[in-house]
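Below is one structure, written out as structure tokens; the observations come after it.
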Amino acid sequence: MGATPDTERAEALTEAEMKELEERFDPEVRFRPLPKFLAGLAGAALFVLSCYHYYTSGFGIPQATTHRGLHLAFTLGLIFLLFAAWGSEKEPRSGLLRPLGLPLYDWLLAIAGVVSAFYVPWIFNELAFRVGAPLPIDVIMGTILIVTLLEATRRAMGWPLPVIALLFMGYAYFGQSMPGILVHPGASWTNMVNHLYLTSQGIYGTPLGVISTYVFHFVLFGVLATRIGLGQLFIDLASALAGRYSGGPAKVSVLSSAMLGSISGSSIANTVTTGSLTIPAMIRIGYPRHFAAAVEAASSTGGQITPPVMGAVAFLMIEYLGVPLTTILTAALVPAFMHFFGVLVQVHLEAKARGLRGLTKEELPVAWTVFKAGWLTTLPLFVLVAILLSGRTPYAAAFWGISACILVLLIQNVIRHDLSDALKRSVHDLWDGFVVGAKYSLSVTAAAALVGIVIGVVTLTGVGFKIAYMVTSVAAEWAQDVNGWLSVLPFQLTSVESLTLLFTLIMTAVVCILMGCGIPTTANYLIMIAVAAPILSMLGVQPLVAHFFVFYFGVLADITPPVALAAYAAAGIAGANAFKAGNTAFRLGMGKALVPFVFAFSPSMLLVVDNFSWQEFFLATAGAMAGIWMLSSAFANWLLGPLHGYERALLVVAAMLLVAPNLIATLIGIVLVLPVFARQIMDRRQPA
């Protein structure tokens, strides 16, 4: 078969091309060029920030407000140095209004942000007498911090999150003018600044605390683990294990993304890192370009839900829920498996339908050879997991994980170079890793601090419970209507209570996806849990289940058009239509969309919930796997062979019934599937 534009050989991207692609689709790493002196100054500040967090994770964290204020002060100062106000500056320029190559207003904003962020820790001993009765200087400093925080977040990740924060502040200020149930007495600017700035309910609240106490360390660990070659080891092992099977490169993409996701929580970074190798290979064996891009994007978004790192959200959960990190990681195991299982089933069926080959023996590395060459790079991950499982604090685990990365880095350089050169290279690599790790933390810190404003408004006005009442009322009305239509059945398929919960979950999921189109997963989770938690708790959903439900749909936004950033980054590698890649990625990630509904009705899937039942666990898990398989078959038009149109429709209906955690629904789903299987088996037995 001759080569086509879709199947002609595509080459892997260079490191520079990968960096350019990541910056194009991820505003959080879109740093501007700086003059040499200023670049050195910013690099030194970033290195010091990483050193501070590395030291405190191992030897003790200061008083909370001081720790958070110091971290925020560094972050704001660095954002105004590293992120341009508008667009990207290609070359640094100097002049009277651009001292040292930066606009004068950037220097003023940087100084204002640093001073106002560290002001609260500075007056911490007097706060007990100031909260509720702020001095004029407190209001001025709070106003400055709010303004600089809005601008810093806009620069680091765009307009959506600052606009949301402004809308919430507007709601707090104009409460008396709000319609219906949303009306409230309103808060003066002084009262708002007091609540958002001087208390732990706003900017200096839990989100900023989690970022500065846990997340920074794990971001740094992920960067260093990748630098020592752990990510490449994962990719090579995945190639050795899965590459030989039908559609091999796509299965390598899924497996390598799952393993790389265990140390990195960034969907776009995972997409670019693994996709630069797997996407060209997928195109080469015959997958369409948009499908190859979609496979990589859908797989890479699983990194945020894969233990042990899971981005920032896992650490936010342990603060909000008051449970050990091991509880969160255990709860994430089965849903994470379901996501990768769903993508793997679809790429397998697509390969069978297209008759695609695997990689040849000559194209594959040998698993034992790969592991023997790179086994040392796994040491930091084993150290990290072992300490987490021992019950030590997450930041203690990060400290020893980072320390193990530094040790491995030094050993690698000593093996490859003479002692003098090895020490120089180790210092350079360590400096570079610490600088990059701190850079990657800037945007998430700004977002967490700004989301503190949103959460502060929710606690100040009580709007969360008002929204909960409105949503559950609408869901209950819909449930009554649908239950009336179902009453014609000779058996009871569901109840009004279950339907009310279903419609509430659907509305929550839609809002999560829409919010996620403009703001990152961490910010989306924080906002939605402040609003959605009261809604779901009113319907008896366990807190752990509610948090995971919101989290999963926030992650799904990375592959949900029209703003599917991970899919667009993958499309850039594949040379594919971005919107088509996004639509296909959403379809491939359907397991992530279905599974949250399953564990919302059958919490036992999360393993560590109240009233856990093995019977419920196996029914929910087996039903979800079967439903994902049937739905994948309908999309791929392949079960054991090609499907007729009516069979695809039957499989879609059967899939919805199979994933429903209800024995009657599951049995009906099985009955619908059996004729399709029977017809396909008979066709396979007939001679060609």
Keeping to the stretch 445-460, report how many residues are among the polar types (S, T, N, Q) and modelled with pLDDT of 90 or more.
1
How many residues of the stretch 524-540 are over 17 Å from GLN201 (Cα atoms), open to solvent by less than 20 Å² (accessible area, probe 1.4 Å) and of a type in the set (A, V, I, L, M, F, W, C)? The answer is 3
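Just checking, which of ILE387, ILE455 is under 22 Å from TYR214 (Cβ atoms) and either in contact (Cβ under 8 Å) with a residue 24 or more places away in the chain or of a type in the set (S, T, N, Q) (or both)? Show your work before the answer.
Numbers: ILE387 fails: either in contact (Cβ under 8 Å) with a residue 24 or more places away in the chain or of a type in the set (S, T, N, Q) (or both).
After ruling out the rest, the residue left standing is ILE455.
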Going through the stretch 569-585 one residue at a time, which ones are within 16 Å of the chain's Cα centre (by Cα) and either more than 18 Å from GLY342 (Cα to Cα) or surrounded by fewer than 21 Cβ atoms within 10 Å (Cβ to Cβ) (or both)?
ALA569
Taking the stretch 354-392 and keeping residues within 25 Å of VAL219 (Cα to Cα), hydroxyl-bearing (Ser, Thr, Tyr) and open to solvent by less than 60 Å² (accessible area, probe 1.4 Å) leaves THR377, THR378
Residue pairs, Cβ under 6 Å, 6 or more apart or interchain, first in the stretch 122-146 and among the small types (Gly, Ala, Ser), second outside any helix (DSSP H, G or I) and open to solvent by 60 Å² or more (accessible area, probe 1.4 Å). List them.
none
Can you give me the number of residues within the stretch 152-182 that are open to solvent by 10 Å² or more (accessible area, probe 1.4 Å) and either among the hydroxyl-bearing types (Ser, Thr, Tyr) or farther than 19 Å from VAL457 by Cβ (or both)?
6
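Residue by residue, here is whether (1) open to solvent by 10 Å² or more (accessible area, probe 1.4 Å); (2) touching a residue at least 12 places away in the same chain (Cβ under 8 Å); (3) part of a helix (DSSP H, G or I) holds:
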position	(1), (2), (3)
THR271	no, yes, yes
SER276	no, yes, yes
TYR287	no, yes, no
ALA294	no, yes, yes
ILE318	yes, yes, yes
ALA332	no, yes, yes
PRO335	no, yes, yes
Given the criteria outside any helix (DSSP H, G or I), among the hydrophobic types (A, V, I, L, M, F, W, C) and touching a residue at least 12 places away in the same chain (Cβ under 8 Å), does ILE535 qualify?
no
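Return the residues of the stretch 649-688 that are farther than 26 Å from PHE617 by Cβ and assigned to a helix (DSSP H, G or I); say none if nothing qualifies.
Of everything in the stretch 649-688, those that are farther than 26 Å from PHE617 by Cβ and assigned to a helix (DSSP H, G or I) turn out to be ALA649, LEU650, PRO675, VAL676, ALA678, ARG679, GLN680, ILE681, MET682, ASP683, ARG684, ARG685.
Of all residues in the stretch 404-457, how many are surrounded by fewer than 17 Cβ atoms within 10 Å (Cβ to Cβ) and either at positive phi or part of a helix (DSSP H, G or I) (or both)?
Count: 14.
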Residue count, the stretch 641-661, condition of a type in the set (Lys, Arg) and open to solvent by less than 50 Å² (accessible area, probe 1.4 Å), comes to 0
Looking only at the stretch 202-243, which residues are of a type in the set (Val, Ile, Thr) and closer than 25 Å to LEU388 by Cα?
THR206, VAL210, ILE211, THR213, VAL215, VAL219, VAL223, THR226, ILE228, ILE235
Pair list, Cβ under 8 Å, 6 or more apart: the stretch 641-657 residue of a type in the set (D, E, K, R), other residue open to solvent by 40 Å² or more (accessible area, probe 1.4 Å):
GLU647/ARG679; ARG648/ASN637
Does the stretch 55-63 contain at least one residue that is open to solvent by less than 50 Å² (accessible area, probe 1.4 Å), on the phi > 0 side of the Ramachandran plot, at pLDDT below 90 and of a type in the set (Gly, Ala, Ser)?
yes
Which residue pairs have Cβ atoms closer than 7 Å, lie 6 or more positions apart in sequence or on different chains, and pair a first residue in the stretch 601-619 that is open to solvent by less than 60 Å² (accessible area, probe 1.4 Å) with a second residue that is among the aromatic types (Phe, Trp, Tyr) and outside any helix (DSSP H, G or I)?
SER604/PHE612
Name the helices (runs of 4 or more DSSP H) wholly inside the stretch 551-642 in which the number of residues that are over 23 Å from THR508 (Cβ atoms) and modelled with pLDDT of 85 or more is 1 or more.
565-574, 578-588, 614-636
Kindly list, by first and then second residue, each pair from a residue in the stretch 664-683 that is farther than 17 Å from SER632 by Cα and open to solvent by less than 50 Å² (accessible area, probe 1.4 Å) to a residue that is of a type in the set (A, V, I, L, M) and modelled with pLDDT under 90, limited to pairs with Cβ atoms under 8 Å and residues at least 6 apart or on different chains.
ALA665/LEU493; ALA665/LEU657; ALA665/LEU658; THR666/LEU619; THR666/LEU657; THR666/LEU658; THR666/ALA660
When you look at PHE234, is it open to solvent by less than 10 Å² (accessible area, probe 1.4 Å), over 20 Å from THR584 (Cβ atoms) and part of a helix (DSSP H, G or I), yes or no?
no
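The values are calculated or read from the model by the stated rules, or taken from the named source; none is laboratory data. On a predicted model such as this, the values are computed, not experimentally measured, just so you know. Methodologically, a virtual Cβ is constructed for each residue, glycine included, from the backbone with ideal geometry; neighbour enumeration extends over all protein chains shown. Only protein heavy atoms, including side chains, enter the accessible area calculation; ligands, DNA and RNA are left aside. Shrake-Rupley method; radii C 1.70, N 1.55, O 1.52, S 1.80 Å.
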